[in-house]
Amino acid sequence: MNLCRKIVVISRYTNKYCEYGAVAFLVMMLLLVALQVVARYGFDEPPQWTEEGARYCMIWMGLLGATVSYYKREDPVLFTPSEEFLVKWRVPIKLVEFLAVVVFVLPIMYYGPSFVMRQAGRMTDTLGIDVGYTVLIIPLFSIIILVHATARLISTDKDEAHYTKEFY
């Protein structure tokens, strides 16, 4: 298996696990919010940690969901080109898209680790977990998006067809 194919496969499996993670965090967030609603209106005493837990689940779910959306090409686009346009301009479009993604994620990748280190050691108010774990998703998000963008750049027509359908 050549390097290009390996990157496409890594992107595919990374997306699979990101999708599972996004769904898991969504379910956890919904359960925490439901618990808070029941506790607030049923018992007049909502636990404080449910709001904080739901907030952190929302952060992880949102960024993991964004990587899944980008992988499946369900992210917002400026225009949808015709097939004739794509045949003629496929390579330049891929290059411009890749460069735009790189311009977006490189600062996040550069400053992300120091941001996580600054947050590490600080504890959350009610849950008592390290804030570094909460913000760790930010540099991970940028790395995953870069992997997906690289896979898009080097993918073949066979790989392109894979993005538009479910594979599991």
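Please rank SER142, SER69, SER155, SER82, fewest neighbouring Cβ atoms within 10 Å first, as an exposure proxy. Write down the numbers at each step before the final one.
Details: SER142 22, SER69 15, SER155 19, SER82 9.
Lowest to highest Cβ neighbour count: SER82, SER69, SER155, SER142.
Which value in Å is the Kirkwood Rh of region 3-163 over different Cα pairs?
On the way: mean 1/r = 0.0560 Å⁻¹.
When all Cα pairs of region 3-163 are included, the Kirkwood radius is 17.9 Å.
Order these by the 10 Å Cβ neighbour count, fewest first: THR156, THR134, THR124.
Ascending Cβ contact count within 10 Å gives the list THR156, THR124, THR134.
Can you tell which of GLU83, GLU97, GLU74 shows the greatest fluctuation in a Gaussian network model of the chain with Cα springs below 10 Å?
Judging by the Gaussian network model, the answer is GLU83.
Helices from the chain with mean Kyte-Doolittle at least -0.5 and a Cα length along the axis of 27 Å or more, per DSSP H: which?
The answer, listed by residue number, is 3-43, 48-71, 83-119.
List TRP60, TRP49 from most exposed to least, where exposure is judged by having the fewest other Cβ atoms within 10 Å.
Neighbour counts put them in this order, fewest first: TRP49, TRP60.
Readers should treat all values here as calculations from the given coordinates under stated rules, not as data from a laboratory. Quantities reported herein were computed from a predicted structural model and do not represent experimental measurements. Using ideal geometry, Cβ is built from the backbone for each residue, glycine included, and neighbour counts are taken over all protein chains shown.
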